[in-house]
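Coordinate-derived values only; no laboratory data. Because the structure is a prediction, the values reported are computed rather than measured. Positions of Cβ are generated from backbone atoms using ideal geometry, with glycine treated the same way; all protein chains shown enter the neighbour counts.
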Amino acid sequence: MTARDRWIDRLDELHTAPEPSPELRNEVEGQIRRDLARHPPPKTGLHPSIPPLPEFKFTPLIEDAITRVSQANGDVSVIRGIDLSRYTSLDFEADDPAEQQENLRKAYVALGYTQIRKDNLDLISLVGRNQWLLGNDELEQDLKRLEEDVLREQNEAAIIARREKGAHV
């Protein structure tokens, strides 16, 4: 019989072990009481060799958020985490055509933002958060390259303008 087989036999015996006799139970409980009397449990509930937990300090921003939420007492309307004004309807009853045009532009921007937000949330659920973040990183890199190209073109245009100005003097 191998050691593994003996181990399996012992495991099989564990769940069929009979209840201890009342004398044995009393003897064991008495020993436990004597040991506890000699070595009382620590006041903290932790073993003395376990170091105390480090004190955690929230950042001021997190502390402000916790204070704001705790003062709300369950009233979600008090918590101003998101600017909801961008989702409210705009006043299209204005008489001034310039104001109507501005409101229409704002509505168009809000619609575009909301559509992009919905597309991004759909992508998160479809391909996963990491893939979505990688896509955002690629877009940021593309934006950075485009901004560098625009800056380079502006510098070249400024150089050409200076040359032309110098030639006319």
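The table for this structure:
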{"read-out": "Charge context of Leu134, other residues only, Cβ under 15 angstrom, K/R +1, D/E -1", "value": "-3"}
{"read-out": "Gained length - Asp122 relative to Phe56, 0.36 nm times residue gap less alpha-carbon distance", "value": "20.1 nm"}
{"read-out": "Sequence-distant aspartates and glutamates (8 or more away, or on other chains) whose Cα lies within less than 15 Å of Lys144", "value": "Glu153"}
